[in-house]
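**Student:** Right, I'll just put the structure down here and ask away after.
The values are calculated or read from the model by the stated rules, or taken from the named source; none is laboratory data. Predicted model only: the values in this text are computed from it and were never measured. A quick note on method: Cβ atoms are made from the backbone with ideal geometry, for glycine too, and the neighbour counts reach across all protein chains shown. Note: areas computed on protein heavy atoms with side chains; ligands, DNA, RNA excluded. Shrake-Rupley method; radii C 1.70, N 1.55, O 1.52, S 1.80 Å.
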Amino acid sequence: MIDVPADGWSFATAREPARFGVCEVNGAPGVEHAVSARGTLCGISARHTTLYLHLFVPGALQSCRRCRRQAEAAPTVPCAQERLHDRVRGAAQGQARDDLLAALRRGAKVGLWISGPSASLAKDYAKLDGLTDGAGPAAEAFTAATTIGLARVDDGRWRFLVVLPEDGGCPLVARGPRVPP
């Protein structure tokens, strides 16, 4: 059975604009260029640029006009729900997995999606003690890896935890009752 969102939400309607990093051409400060893996969108090689840690804003006054046009014309990208849905499909079969997939198709909010040191994530973000389904395997995954990914999704009465091994292993889905705020 496929769940159809009542309000018209879908992966297709929730696609997001493509995002690009920012760089400036060495020796030519003041103009920000959108950068991809191959260089700027306007064709300048990455070896002639300095990268910055923020995203390109096409409408900003300092944005390169050619990069602006390319960024605005770039295809949209999947939203967080669709990206997580694609990852969770590889998890072991089970009711928690199926309920999470259905929730993501309805547009459930992905409240957190991070990667980092397993011990820190387990301690500070996983909230393993509140899980009722799949808590054991999730805890084992945190102890088995040095770094790991973690996503949290709240939907209705459930709080889902997705453990995303960085070695390409199968994601693990756990859940527990959602505590009202």
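**Student:** Between Asp86, Asp98, which is under 23 Å from Leu150 (Cα atoms), without any contact (Cβ under 8 Å) to a residue 12 or more places away in the chain and touching a Pro at 6+ places or on another chain (Cβ under 9 Å)?
**Tutor:** After ruling out the rest, the residue left standing is Asp86.
**Student:** Could you tell me which residue of the range 2-18 is modelled with the lowest pLDDT, considering only residues that are among the aliphatic types (A, V, I, L, M) and open to solvent by 40 Å² or more (accessible area, probe 1.4 Å)?
**Tutor:** The initial filter retains those residues of the range 2-18 that are among the aliphatic types (A, V, I, L, M), namely 2, 4, 6, 12, 14, 18.
Filter once more, so that each one left must be open to solvent by 40 Å² or more (accessible area, probe 1.4 Å): 2, 4, 6, 12.
Values: Ile2: 42, Val4: 45, Ala6: 53, Ala12: 90.
Step by step, filter the range 2-18, then rank; the result is Ile2.
**Student:** In addition: Keeping to the range 37-62, report how many residues are surrounded by 16 or more Cβ atoms within 10 Å (Cβ to Cβ), within 21 Å of Pro17 (Cβ to Cβ) and not hydrophobic (A, V, I, L, M, F, W, C).
**Tutor:** Total satisfying the criteria: 3.
**Student:** Spot the failing condition for Ala74; the list is (1) touching a helix residue (DSSP H, G or I) at 6+ places or on another chain (Cβ under 6 Å); (2) more than 19 Å from Leu164 (Cβ to Cβ), and only one is missed.
**Tutor:** All conditions are met except number (1).
**Student:** Moving on to the next point. Test each condition in (1) modelled with pLDDT of 95 or more; (2) more than 23 Å from Gly149 (Cα to Cα); (3) open to solvent by 30 Å² or more (accessible area, probe 1.4 Å) for Cys67 and report the one that comes out false.
**Tutor:** Status for Cys67: all satisfied but (3).
**Student:** Here's a check for you: in the range 142-158, which residue that is under 17 Å from the mean Cα position of the chain (by Cα) and open to solvent by less than 30 Å² (accessible area, probe 1.4 Å) is farthest from Asp99 (Cα to Cα)?
**Tutor:** Among residues in the range 142-158 that are under 17 Å from the mean Cα position of the chain (by Cα) and open to solvent by less than 30 Å² (accessible area, probe 1.4 Å), the one farthest from Asp99 (Cα to Cα) is Ile148.
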